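Novice: Here it is, the structure in full.
The values are calculated or read from the model by the stated rules, or taken from the named source; none is laboratory data. Every value quoted in this text rests on a predicted model; they were computed, and no experiment measured them. So basically every Cβ, Gly included, is an ideal-geometry build from the backbone, and we count neighbours across all protein chains shown. Ligands, DNA and RNA are excluded from the accessible area calculation, which covers all protein heavy atoms including side chains. Shrake-Rupley method; radii C 1.70, N 1.55, O 1.52, S 1.80 Å.
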Amino acid sequence: MRKMRTQRAVAILASVLLVGGVAACGNSDTGGGSKDDGKITMGFSQVGAESGWRTANTTSIKESAAAAGIELKFDDAQQKQENQIKAIRNYIQQKVDVIAFSPVVESGWDTVLKEAKDAGIPVILTDRSVDSADKTLYKTFLGSDFVKEGRLAGEWLVEQKKTASGPVNIVELQGNTGAAPANDRKKGFGEAIAVNPNLKIIASQPGDFTRAGGKQVMEQFLKANPKIDVLFAHNDDMGLGALEAITAAGKVPGKDITIITVDAVKDGMQALADGKFNFIAECSPLLGPQLMDLAKKVKAGEEVPARIETEETTFTQEQAKEALPTRKY
Ligand code: AHR
């Protein structure tokens, strides 16, 4: 009798374990390969930590993920495309719900984006875009219009120099080679200044969006060019690095050399308010809240716009003084 009861108990336990096991297996996949447990896991591949802008962007993404209840897997690619590709492949293997990344350069993403698409994992581009012809490889691109930023910088210069009777020599510090903001800001600025043949770019080189790069390349510019009237730096950090080189060369930044940058992070805005920079075209790094919103929509299968442009402005020295006390980053 006791033996029969024991056998029945073992059989019940076995069937409970079996049903539980089947249920657990059934939960693990939802067509796209991600877990259907109501939670969202996002794999994010960041460009690096090259600038004040990037630091503010990383903070925005981490804080917004926590506030939205999204589990964030974060990787810093140290400005290397191969590291980003590796991180994206890891996220595919881990079956995250959404992959988001800011591509260090524009080209060379089709293969890995196709792998994500084949695995059923939606991709969101944030901050920078890719030049893939196949737009179905990603769901949306959230970020700035970099051409516009360059154009606004150029248009301001055109206005300032409209009465110049002779050549105005401009040097340009570009972002890292192949990056969307480097390509686009160069394009927008070049197109804007083309209306005045006096405005000439006499030297243009990458400073990789870093202070060290900006300083080093500006030193070379100053050695090679006795007359520099204007510096256009593709971001604040390179402009801040260049300040050191300009001062060391015995020139007064903001006076002897007009300095135009992009970003408007606190240190850049301080330099502008102090009269060392002359104009900044804003590029907002606070993309986190919109990104998390998009991730939720994409995961729920909702349609999202193919392009979401960040709202931005520009700053003169006077405007920087007003904006600085409440500047968030
Ligand atoms: O992609 C945005 C750019 O990248 C910012 O302007 C620059 O500071 C950063 O490194």
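Novice: Quick one: what pairs do we get from segment 263-281, first residue touching a residue at least 12 places away in the same chain (Cβ under 8 Å), second in a loop (DSSP other than H, G, I, E, B) and open to solvent by less than 10 Å² (accessible area, probe 1.4 Å), C-beta under 6 Å, 6+ apart or different chains?
Specialist: Taking only residues 6 or more apart or on different chains, the pairs are ASP263/ASN235; ASP263/CYS283; ALA271/PHE277; ILE280/ALA264.
Novice: Going through segment 303-329 one residue at a time, which ones are open to solvent by 70 Å² or more (accessible area, probe 1.4 Å), of a type in the set (Lys, Arg) and not in a helix (DSSP H, G or I)?
Specialist: Scanning segment 303-329 gives ARG307, LYS328.
Novice: Which of (1) within 15 Å of the ligand (Cβ to nearest atom); (2) over 21 Å from GLN205 (Cα atoms); (3) not aliphatic (A, V, I, L, M) does GLY268 not meet, given it meets every other one?
Specialist: Unmet condition: (2).
Novice: Still on this structure, I have one more. Residue check, ILE170 against (1) part of a strand (DSSP E or B); (2) open to solvent by 10 Å² or more (accessible area, probe 1.4 Å); (3) not charged (D, E, K, R), all met but one. Which one?
Specialist: ILE170 satisfies all of (1) part of a strand (DSSP E or B); (2) open to solvent by 10 Å² or more (accessible area, probe 1.4 Å); (3) not charged (D, E, K, R) except (2).
Novice: In segment 229-257, what residues are open to solvent by less than 10 Å² (accessible area, probe 1.4 Å), away from the ligand (no atom under 16 Å from the Cβ) and over 15 Å from PHE279 (Cα atoms)?
Specialist: ALA245, ILE246
Novice: Sticking with this structure for a sec: Among the residues of segment 282-302, is any closer than 23 Å to GLY188 by Cβ, more than 16 Å from the ligand (Cβ to nearest atom) and open to solvent by less than 70 Å² (accessible area, probe 1.4 Å)?
Specialist: no
Novice: Name the pairs: first residue in segment 98-109 and assigned to a loop (DSSP other than H, G, I, E, B) and among the basic types (Lys, Arg), second residue modelled with pLDDT of 95 or more and within 15 Å of the ligand (Cβ to nearest atom), Cβ to Cβ under 6 Å, at least 6 apart or on different chains?
Specialist: none
Novice: Do you know which of the residues in segment 61-83 that are open to solvent by less than 10 Å² (accessible area, probe 1.4 Å) and either among the aromatic types (Phe, Trp, Tyr) or assigned to a helix (DSSP H, G or I) (or both) is farthest from the ligand (Cβ to nearest atom)?
Specialist: The qualifying residue farthest from the ligand (Cβ to nearest atom) is ALA65.
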